[in-house]
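The values are calculated or read from the model by the stated rules, or taken from the named source; none is laboratory data. In this text, all values refer to a predicted model and were calculated from it rather than measured experimentally. Here the Cβ is made from the backbone with ideal geometry for all residues, glycine too, and neighbour counts use every protein chain on show. To get the accessible areas, we keep the full protein, side chains included, count just its heavy atoms, and leave off ligands, DNA and RNA. Shrake-Rupley method; radii C 1.70, N 1.55, O 1.52, S 1.80 Å.
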Amino acid sequence: MDRPRRAALDVLTAVRVDDAYANLVLPQVLRKHRLEGRDAALATELASGAIRMHGLYDPVIDACLTKPRLQPEVRDVLRLGVHQLLSMRVPDHAAISTSVDLVRASVGQGPAGLVNAVLRKVSREDLDAWVAAVAPERTRDLRGHLAVAQSHPRWVVDALAAALGADDGLEELLAADNAAPRVTLVARPGLADVTELEAAGGTRTSRSPYGVVLDGGDPAAIPAVAEGRAGVQDEGSQLVALAMTDAPIEGRDERWLDLCAGPGGKAALLASLAAQRGAVLVANERQPHRAALVASAMRSVPARAVRVVAGDGVRPAWVPGTFDRVLVDAPCSGLGALRRRPESRWRRTPEDLDVLVTLQRALLDAAVESVRPGGVVVYATCSPVLAETTGVVEAVLAGRDDTVEVDRFQLWPHRDGTDAMFAARLRRRALV
C-alpha cells in the first residue's frame, strides 16, 4: 500500500465525515502511517491540494462521468488523482495506477474501472484546458471564472473583491490563497532570540522584529519551539499583537487584556512583552478547553506576567475600566487564512456572517468598556471581509461618544506574504 496516498485519503475522510480540520488531523495521520520527510510532504500536499482545489476538480471529474452520482469515498480518491495529474509533477501513469490501487484498498474492486477511466480522460488535457472547459468565460463573468479556476465559493470571491475595493488584484489574492504558506516562527522576547531561530535554518521576516521564516524541517524539532520559548505564528498575527503593545499611551501601563486569547499564540507574545515591561496580561478565553491551550502556550512565560482565566468576553467579570491595553482578536469567518485552512472556504456561508458580526460588535463594545479612559483597544480579525472589519468598528463607534479610531491596517497574502489580518486601534477618550 502506498502510505502517503493512504494517509492523504484518511485526511480527506476525516474532513468530510468528522468535520475535522486538515491542519489538526494531519499530524496525527502522519504519525499513524509513520511518515516523515519527503513522504510526509507528499501526503500533506496531496491532502491539502485536493481539499483546497475541489471547487475546480469536481467539475472536471463530473465532465468525465457518464453517470453523475459517485460514492463520496470514490470522489475523494478521484480528487487526489486529479490533483496529481493537473497540479503536481507526478507522471500520468503513476497518478492513475496508484489511484486505482487506492480505491481497491479503501472501497473495493467495484469502482476501480471507473477511477481508471475518469483519470485517463482527465490526463488527456492540461490544467489550462480544463479550466477553459469547465469555468465560465473570463470576459463575460470574471468573478465566476475565478471562482472555478481558483476554487473559491462565488460568495467568497465577491466578498474578497469588495474588501480589495476592485477586481484589480483579485486573481493574485485567490492564487495566494491556494499557495502553500511558509512556516513562520516567533521568538518570544526575553525567552528566545531571533538569532537562535536563524541558527535552526530560518530567515528573518521583514516587518516583525521577532519573526523568522523557517526554510524547512519540523518546527517542533527546534528546542526553542519545543520548550515554548518560541512558537509557530504568522507574521501578520505578530503585527496585530505589536499594534497593541506599541501604541502610545499616557499614564499607567501595567494591566493588559487579551479578551479572546485562545489558542494562545498572540497571548504568549503579549505576555512575554508584558514581563519585560513590568505589566501583567490577563488572557481570557470563554471555552475552558481553549483556556487550557492558552495556559500551555504560556509554559515558559514568567508566572508573574500572566493570568489565564476562562470567562465570557461579552459579559466580563472584571470592573469596567480595569485595563490599560486591550486586544480583542475576535472570532471570525477566517477568510483571511484560507491558505492555512483548506477546508474552511467550503464550510462558511454568508449566513454565518450575521451571527459573527453580532458577536464581534458585542466583544468590541465590551473591550472598550474594559479599558480605562486614555487606554488603547485593538480590534483584529483574520478576515478582510468588510462586514467583519470596518463595519464592526464603525458600528461600535457610532454608538459611543467616548472612543475614537486612531489608525487601522489590512494585510494581504498576495501583497504582504501574511494572512489577511485586519487591525484597528481605538483610544478611549481621557476624562476631562
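Numerical summary
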quantity	calculated
Positive minus negative residues near GLN150 (Lys, Arg vs Asp, Glu; Cβ under 15 Å)	-2
Square roots of 5 times each gyration tensor eigenvalue, C-alpha, region 374-432, largest first, Å	25, 12, 6
Mean accessible surface per residue for the chain, computed with a 1.4 Å probe while every protein chain stays in place, in Å²	44 Å²
Shape of region 303-423, Cα gyration tensor, a/c cut at 1.5	prolate
Using a Förster distance of 41 Å, the FRET efficiency for VAL280-ALA179 (Cβ separation, nearest 0.05)	0.55
Linear extension gain, LEU359 paired with GLU172, 0.36 nm per residue minus alpha-carbon span	64.2 nm
GluC sites (Glu not before Pro) within region 192-280: DSSP coil, no more than 15 neighbouring Cβ in 10 Å	GLU227, GLU250, GLU254
Carbon + sulfur, % of accessible area of the chain - ligands and nucleic acids excluded, 1.4 Å	51 percent
All-pairs Cα distance distribution in region 215-284, expressed in whole percent, bin size 10 Å	18, 48, 26, 7, 1
Chymotrypsin sites (Phe, Trp or Tyr not before Pro) restricted to DSSP loop in region 267-349 with at most 14 other C-beta within 10 Å	none
Euclidean distance between Cα centres, region 208-232 to region 366-412, Å	31 Å
Rounded FRET efficiency, nearest 0.05, which uses the C-beta distance separating LYS67 from ALA221 and R0 of 45 Å	0.40
Residues whose placed amide H lies under 5 Å from that of VAL280, excluding near-sequence neighbours	ARG255, TRP256
Ranked by how many other beta carbons lie within 10 Å on average, peptides 155-163, 326-334, 138-146 from highest	326-334, 155-163, 138-146
Dipole in debye (nearest 20) - region 69-199, about Cα centre, beta carbon charges: Lys, Arg +1; Asp, Glu -1	700 debye
Taking region 223-348 and dividing mean pair separation by its residue count, relative contact order in percent (alpha carbons under 8 Å, at least six apart)	27 percent
Candidates per GluC sites (Glu not before Pro) in region 1-107, loop by DSSP, up to 11 other Cβ within 10 Å	GLU36
Dmax and Rg, reported as Rg then Dmax, of region 56-102 (C-alpha, Å)	10.5, 29
Exposure of GLU172 as accessible area (Å², to 10), given a probe of 1.4 Å and all protein chains	100 Å²
Listed peptides 80-86, 57-63 by packing density, highest first (mean Cβ within 10 Å)	80-86, 57-63
Relative contact order of the chain, defined on C-alpha pairs under 8 angstrom at six or more residues apart (%)	12 percent
HN-Hα J in Hz across region 294-302 - Karplus 6.51, -1.76, 1.60, θ = phi - 60°, x for Gly and Pro	4, 4, 5, 5, 8, 4, 9, 7, x
Length released on extending from ARG38 to ASP128, taking residue separation times 0.36 nm less the Cα-Cα span	29.6 nm
Between region 1-50 and region 78-118, the alpha-carbon center distance in angstrom	16 Å
Computed FRET value (nearest 0.05) for MET88 with VAL232, which takes r as the C-beta separation and R₀ as 35 Å	0.90
Dipole axis of region 282-393 (+1 Lys, Arg; -1 Asp, Glu on Cβ), positive-most option in ALA303, LEU327, TRP346	ALA303
Positive-end residue, region 66-221 charge dipole about Cα centroid, Cβ charges, pick of LEU191, ALA162, SER151	SER151
For region 323-428: relative contact order, % (alpha-carbon pairs under 8 angstrom, 6 or more apart)	34 percent
Estimated vicinal HN-Hα couplings, Hz - region 323-328 in sequence order (Karplus 6.51, -1.76, 1.60; Gly, Pro = x)	10, 8, 9, 9, 10, 10
Coordinate range along principal axes, alpha carbons of the chain, Å, largest first	77, 49, 35
Shape category assigned to region 150-275 from the gyration tensor of Cα positions, a/c cut at 1.5	oblate
Eligible lysines near LYS67 by straight Cα distance, threshold 20 Å, same-chain separation 8 or greater	LYS121
Prolate/oblate/rounded call for region 97-152, Cα gyration tensor, a/c under 1.5 rounded	prolate
Cα centre as origin, Lys/Arg/Asp/Glu Cβ charges: the chain dipole, Debye	860 debye
